[in-house]
Protein chains: 2
Amino acid sequence: MKTRIRLADGRELIYFDEKARRREEIDRRKLPKLETAIELRHDPLLDAEVVIASHRQERTYLPPEDECPLCPSTVERSTEIPASDYDVVVFENRFPSFATGSLELLPLPEGDTEVARSSAHGRCEVVCFTSQHDSSFAELPLERVRTVVDVWIDRTAELSAVAGVEQVFCFENRGEEIGVTLHHPHGQIYAYPFVTPRTRRILESARCHRDETGRNLFADVLAGEKKARTRIVAEGDLWTAFVPAFARWPFEVHLYPNRQAPDLAALNGDELAELSRLYRDVLRGFDRLFDLRMPYIAAVHQAPLHSGRDLSYLHLQVFSSRRSPKKLKYLAASESAMNVFINDVRPEEAAQMLRDAVERGRRQ
Amino acid sequence: MKTRIRLADGRELIYFDEKARRREEIDRRKLPKLETAIELRHDPLLDAEVVIASHRQERTYLPPEDECPLCPSTVERSTEIPASDYDVVVFENRFPSFATGSLELLPLPEGDTEVARSSAHGRCEVVCFTSQHDSSFAELPLERVRTVVDVWIDRTAELSAVAGVEQVFCFENRGEEIGVTLHHPHGQIYAYPFVTPRTRRILESARCHRDETGRNLFADVLAGEKKARTRIVAEGDLWTAFVPAFARWPFEVHLYPNRQAPDLAALNGDELAELSRLYRDVLRGFDRLFDLRMPYIAAVHQAPLHSGRDLSYLHLQVFSSRRSPKKLKYLAASESAMNVFINDVRPEEAAQMLRDAVERGRRQ
């Protein structure tokens with residue numbers, strides 16, 4: 001059941017309740033009006049958009065647990081979520097990288113007429129996976145995982161209708177090691193006003209591949225991994241999870257449905273059910289790898305809204321910068337300045353370790 | 001004066017002495033033979049090379065100061081550098097990402113015939129800027145900075161002659177925050193057996209720009225910044241240092257010569273002298289910004305050896321992930337999974353801060 005309310009500063013909040021509930025709580029905070037000094041600039045060298053979002057410098061940074069803004073509100077303390085409990089809740093980010101409405105561009109110093117820039121129209125949402133502060137995605141019951149997947153589909157559909165939006169990206173950043181500023185289990189959704197540079201690049205490759213072979217590039221990558229079997233981490237009847245032979249990160253898993261689909265909305269009920277199980281298995285495997293909470297980035301790669309949909313192939317990508325219990329992979333000059341990744345863990349070895357870890361996670 | 005020797009395991013070491021010196025010290029260590037399990041794989045989605053270098057997992061990691069392998073040797077302790085003192089010294093990396101000689105590929109598990117891979121021919125060198133463990137590039141005397149620049153030119157020429165090498169990349173990673181495992185002031189040089197993905201991408205843009213306008217893309221970017229003036233951090237008669245309007249990092253400076261040149265070797269003496277001063281000024285500015293040793297990546301972008309040289313424009317790039325005295329910028333899902341950078345510091349503001357910091361550095 002879906003209930004919409006407005007927060008004190010006008011941002012939208014949506015409860016996604018697994019059982020019907022009345023949601024009448026009101027946000028009683030006095031919140032300052034949102035300052036959204038955001039603009040989009042274009043890098044002519046790399047042909048890429050860069051978001052300049054200077055208001056984000058002041059965003060909430062690792063608050064103590066009793067000040068967590070994603071926990072339910074109590075009589076003593078009002079948080080971002082007015083209710084005293086929730087299942088899954090989505091709300092507009094208070095420190096967004098993209099926003100709706102009429103965005104004013106900050107003035108440039110006099111005489112500077114050289115900058116090509118535009119408003120960063122779009123929307124950024126926060127998705128709280130559970131009201132339990134100390135939980136994690138991997139610890140959610142299966143029903144809840146499925147609710148989150150359904151929320152991703154709901155939000156993708158709704159954000160696709162926002163003026164100017166070209167691609168909707170559901171993701172989770174987890175762990176202080178990769179800069180997460182709030183520990184409460186949550187993900188985010190970015191509705192970008194352009195097709196992202198990575199997606200554009202991949203679609204170029206997919207187009208060349210189809211022109212040359214008549215086949216879908218992603219389907220060929222998947223077929224190769226299913227034939228080799230060496231790097232498969234987990235699989236079901238409808239999905240395959242593997243470490244790609246060309247993994248950039250020490251531990252990186254891609255989840256592909258066994259048939260081509262542009263986005264989550266194109267999947268049927270069985271596929272969504274199996275995705276929920278397999279995705280949780282993979283996340284549990286990450287945490288079992290070194291028996292510590294792995295930092296990770298989890299990305300749902302969906303097709304852009306208005307281009308390349310026939311070439312696109314929905315997939316999820318989970319990767320971690322932790323290369324051993326005590327060491328992290330950093331992106332240094334080769335990666336950051338030349339875009340050449342050096343991976344210190346062999347994909348075949350990573351797959352073996354992850355396969356064992358997923359197995360251990362299942363036995364728990 | 002340049003003196004070549006061999007280390008105990010056969011790696012080459014070259015002394016670059018500012019005054020003539022005899023170099024007769026011998027490496028007396030018993031070193032195991034180099035294990036170089038490196039291979040190059042191709043990511044067909046992003047059309048990028050990925051280096052799999054599993055032997056690097058065991059590389060030296062933050063040794064205590066009295067075990068620094070980059071300090072000169074003493075009677076009690078043999079380091080990577082046999083001499084008891086040195087100016088600048090270059091040697092082959094013991095944990096390389098690319099190597100020369102006949103490289104054997106590690107076998108793949110049986111039945112896995114799906115992986116396109118090749119040997120990672122090339123060479124990785126370490127450049128020690130000074131024998132002073134606690135110093136830094138910004139603290140080098142000007143004469144030494146110029147020696148380092150000359151070493152970059154020397155190494156670029158020599159590595160360009162290594163079979164298969166397509167691009168030579170001189171860089172410095174500085175600071176534990178970005179994963180530097182040795183604190184002794186040093187940089188590195190990678191001789192890549194391919195044109196790096198970032199360079200390929202930029203050359204594509206430069207080619208389109210020339211086809212459309214007849215002009216050089218980099219020259220137009222520089223002209224725009226010189227006209228706007230807002231983001232110029234420091235300048236001389238022959239060089240300009242600025243924060244690009246499309247900076248991805250909180251503090252990012254590009255140094256362009258005022259005329260097009262493909263690489264360092266194409267510069268004249270005056271240009272090299274001014275580069276040395278201006279580059280050191282910029283690095284000092286980084287350290288004065290928050291009065292702490294800034295983590296940074298410094299990259300010398302030179303033209304590839306065999307393609308796109310007419311489109312290329314030598315430039316240096318220095319950027320830091322530190323966005324405030326206590327906060328770092330992390331690459332999370334938007335950056336790492338979509339290649340969309342969110343910069344929390346406005347380039348105009350960063351330029352003003354850096355301009356002031358460079359000025360403070362000069363007054364010291």
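Rule-based calculations on the coordinates, nothing more; no lab input. Computed from a prediction, not measured in an experiment: that's the story for all the values here. With ideal geometry, Cβ positions are generated from the backbone for all residues, glycine too; neighbour counts draw on all protein chains shown.
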C-alpha center-to-center spacing [region B:17-43, region A:1-74] in angstrom: 53
Computed label-point distance, nm, for sites A:R229 and B:K226 using a 7 Å Cα→Cβ extension: 6.4
Alpha-carbon Debye profile of region B:216-295, log10 I(q)/I(0) at 0.25 Å⁻¹: -1.28
Label-point gap, in nm, between A:D237 and A:E139 - each point 7 angstrom along Cα→Cβ: 3.3
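Share of Cα-Cα pairs in region A:164-214 beyond 13 Å, in percent? Don't skip to the answer; put the middle values down first.
Working: 888 of 1275 pairs.
In whole percent, the long-distance tail amounts to 70.
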Inter-probe distance in nm under a simple model that places probes 7 Å from Cα toward Cβ, at A:E158 and A:H306: 2.2
Potential extension, B:D150-B:D66 segment - 0.36 nm per residue separation minus Cα distance: 27.2 nm
Cα centroid of region A:263-297 to Cα centroid of region B:80-153, whole Å: 39
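Explain nothing, just the number: dipole magnitude of chain A about its Cα centre with +1 on each Lys and Arg Cβ and -1 on each Asp and Glu Cβ, in debye rounded to the nearest 20.
On the way: 51 positive and 58 negative charges, 152 e Å.
For chain A, the charge dipole is close to 740 debye.
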GNM result for chain B, Cα springs below 10 Å: residue of B:D270, B:D87, B:D150 fluctuating most strongly: B:D270
Principal axis dimensions, largest first and in whole angstrom, of region B:275-343 by Cα: 44, 37, 14
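Provide the percentage of antiparallel DSSP beta bridges, counting only those with both residues in chain B; round to the nearest 5. Mind showing how you got there, number by number?
On the way: 57 of 59 bridges.
Antiparallel: roughly 95 percent of the beta bridges in chain B.
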Max mean-square fluctuation residue, GNM over chain A, Cα-Cα springs under 10 Å, options A:T147, A:T74, A:T100: A:T74
Shielding score for A:322-335, defined as the mean number of other chain Cβ atoms within 10 Å: 5
Net length gained if the chain between B:Q132 and B:E35 were fully extended (0.36 nm per residue, minus Cα distance): 31.9 nm
Anchor A:K2: lysines whose Cα lies under 20 Å away (excluding residues fewer than 8 positions away in-chain): A:K19
Placed amide H near B:A234: partners under 5 Å, 5+ positions off or other chain: B:A241
Per-pair calculated FRET efficiency, R0 = 22 Å: A:L328 and B:R117 via Cβ, rounded to 0.05: 0.30
Table column - 3J(HN,Hα) (Hz), region A:38-43, Karplus curve with 6.51, -1.76, 1.60, x for Gly and Pro: 10, 8, 9, 10, 10, 8
5 Å binning of all Cα-Cα separations within region A:21-138, expressed as whole percents from 0 upward: 2, 9, 16, 18, 16, 13, 10, 7, 5, 3, 1, 0
Quotient of Cα Rg and 2.2 N^0.38 Å for region B:1-55, N being how many residues it contains: 1.79
Shielding score for B:341-354, defined as the mean number of other chain Cβ atoms within 10 Å: 5
Within a Gaussian network of chain B (alpha carbon springs, distance under 10 Å), most fluctuating of B:Y330, B:Y313, B:Y296: B:Y330
Shape box of region B:198-363 [Cα atoms, principal axes, largest first, Å]: 44, 42, 29
Peptide A:103-116 - average C-beta neighbours from other chains (10 Å radius): 4
Calculated from backbone phi, Karplus (6.51, -1.76, 1.60) coupling profile of region A:248-259 in Hz, x at Gly/Pro: 8, 9, x, 10, 9, 10, 10, 10, 10, x, 6, 10
Whole-Hz ³J(HN,Hα) from phi, Karplus 6.51 cos²θ - 1.76 cosθ + 1.60, for region B:141-147, glycine and proline x: x, 4, 4, 5, 4, 5, 4
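Evaluate the charge dipole of region B:12-160 about its Cα centre and quote only its size in Debye, nearest 20, assuming +1 on the Cβ of each Lys and Arg and -1 on the Cβ of each Asp and Glu. Walk me through the intermediate numbers first.
Details: 18 positive and 31 negative charges, 73 e Å.
That gives region B:12-160 a dipole magnitude of about 340 debye.
Nothing charged except the Cβ atoms of Lys and Arg (+1) and of Asp and Glu (-1): what's the magnitude of the dipole of the protein assembly as shown about its Cα centre? Round to the nearest 20 debye.
Numbers: 102 positive and 116 negative charges, 40 e Å.
With only Lys, Arg, Asp and Glu charged at Cβ, the dipole is about 200 debye.
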Kirkwood estimate for the protein assembly as shown, i.e. one over the average of 1/r between Cα atoms, Å: 27.1
Kirkwood hydrodynamic radius of chain B, Cα pairs, Å: 21.8
